[in-house]
Every structure is written in C-alpha cells, then in structure tokens.
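Encoded as structure tokens, the structure appears first; notes follow it.
Values quoted throughout were computed directly from the atomic coordinates according to the rules given, and no laboratory measurement underlies them. Given the structure is predicted, the values throughout are model-derived calculations rather than measurements. Every residue, glycine among them, receives a Cβ derived from its backbone with ideal geometry; neighbour counts consider all protein chains shown.
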C-alpha cells in the first residue's frame, strides 16, 4: 500500500505565484490534515477535513485554501505565495475517530523566493 | 483551547544513558488522547504510542517507556540505554474527544552521542 502520498516533494516558487499541493491516501480514511513544519515551531495545523466536501481551519490557516472533492484527496492551495510560507508541508490522515493516530506523508518542501 | 508544551528544545546525552522527554498538556475536555511521534533525520514522522485519558497505566515497549500522570497533566517519554539510532526529533500531541484536531508540541531534538 502507498499509504499517504504527497506531490510534489519539492517546489520553488517566486513571491506571488500560486500552486497546489496534492495529498492522496489509499486507506479509506475519513479525516485528513495539512500541517506545516518550521524550525523551532513544531507541526502546526493549517486546515483539516473530516469528510468529503468538508474543510475546517486549523491553527494557521491564513494564506491557504483547501478542498476535499474526493474522499481520498486533500488539496492545499497557495493563491499568492509569500516567503513566510517557505516550509515543509505534511499531509496526514486517520480513520473516522479522534482516537486514532495520524498516518503521515513524506512531506513537501516548498521554498518561496 | 488545547495546548501541548515540550519545554526541552534540544537534549544531548551520551550513548547508553537514560533520557526523559517531557510533555505537558492543557485541555478542558475530560476525554482526550495523547500521542508521541518520532521524526528521524530522514524526515518521516513515525507513530510511537497513543494513550487515552482513562488509562493511566504506564507503558513499556522495549527500551521505551511512557509515564502518564493526569494530576500533573504530563505524558513523559523515557528512553533507557539510549542508542545513536534514537537521535531524532520527538513530538508529543493531543487530541480532544469533542474536537477533530490533533495539536502538536514544538518537539524536542534528541542527540545521542557515541
């Protein structure tokens, strides 16, 4: 099983450009999450989804949009990238219960110049 | 709002020493779940343990052990006889029963020196 797959793994953007990160999971998980990891800041929740067609804001949602049109996919969009969005982005998923652990993707390193 | 504090930013110990990583949490919920994850230098996030708020039994898994104390809102992680392969960033996380978010602490970077 592939588990949680993120694409792309690396990307360099110029300020103001837009892009979308794709997260795909093949475990039939209901819940999906996007986190960003910055030095000294740990993992901070950007947005999450508890099912197809639903999304909710996390701790640091500004500057990002998300969509969950299909259960297995969770897209993270940057409409106008800023240098402050340079980070490593992790997608994660879990079963329809908040007792379960998260399964993470390998991460996507984004650099905004 | 839920909160996780890992006060130790970075720890260095010599191989074979025991080391404890601290995790203190805040929650208003009576039912919640605590997690530990490991992030080795390769970057992936590896699940280590989950503990629910009704189970205060300590857990041991090989050289790893976890001490959950509701009275002090702590869920500490001890590595016994540390090895170089234990070098990683370790994250503690909290999920409340009435919420769907999982909130992480800032992590503790552990260096095991040969």
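FRET efficiency for the residue B:78 to residue A:84 pair, using the beta carbon distance and R₀ = 35 Å, is estimated at 0.45.
Averaged over the residues of peptide B:82-92, the number of Cβ atoms from other protein chains lying within 10 Å of each residue's Cβ is 1. Name the shape class, rounded, prolate or oblate, that the alpha-carbon gyration tensor gives for the stretch B:33-114, where a ≥ b ≥ c are the square roots of its eigenvalues, rounded holds for a/c under 1.5, and otherwise prolate holds if a/b is larger than b/c and oblate otherwise. Oblate. With each label modelled as a point 7 angstrom along the Cα→C-beta vector, the residue A:5-residue B:61 pair spans 2.7 nm. For chain A, the relative contact order is 36 percent, taking Cα pairs closer than 8 Å that sit 6 or more residues apart in sequence and dividing their mean separation by the residue count.
Among A:23, A:91, sorting on how many other beta-carbon atoms sit within 10 Å of each Cβ, with the fewest leading, yields A:23, A:91. Taking packing as the residue-averaged number of other Cβ atoms within 10 angstrom, the listed peptides B:6-14, B:75-83 run from highest to lowest as B:75-83, B:6-14. Considering only alpha-carbon pairs that sit under 8 angstrom and 6 or more positions apart, the relative contact order computed for chain B is 39 percent.
Would you please give the FRET efficiency between residue A:28 and residue B:50, computed as 1/(1 + (r/R0)^6) with r the Cβ-Cβ distance and R0 = 30 Å, to the nearest 0.05? Mind showing how you got there, number by number?
On the way: r = 20 Å, r/R0 = 0.66.
It comes to 0.95.
Computing FRET efficiency as 1/(1 + (r/R0)^6) for residue A:65 and residue A:15, where r is the C-beta to C-beta distance and R0 is 22 Å, gives about 0.80.
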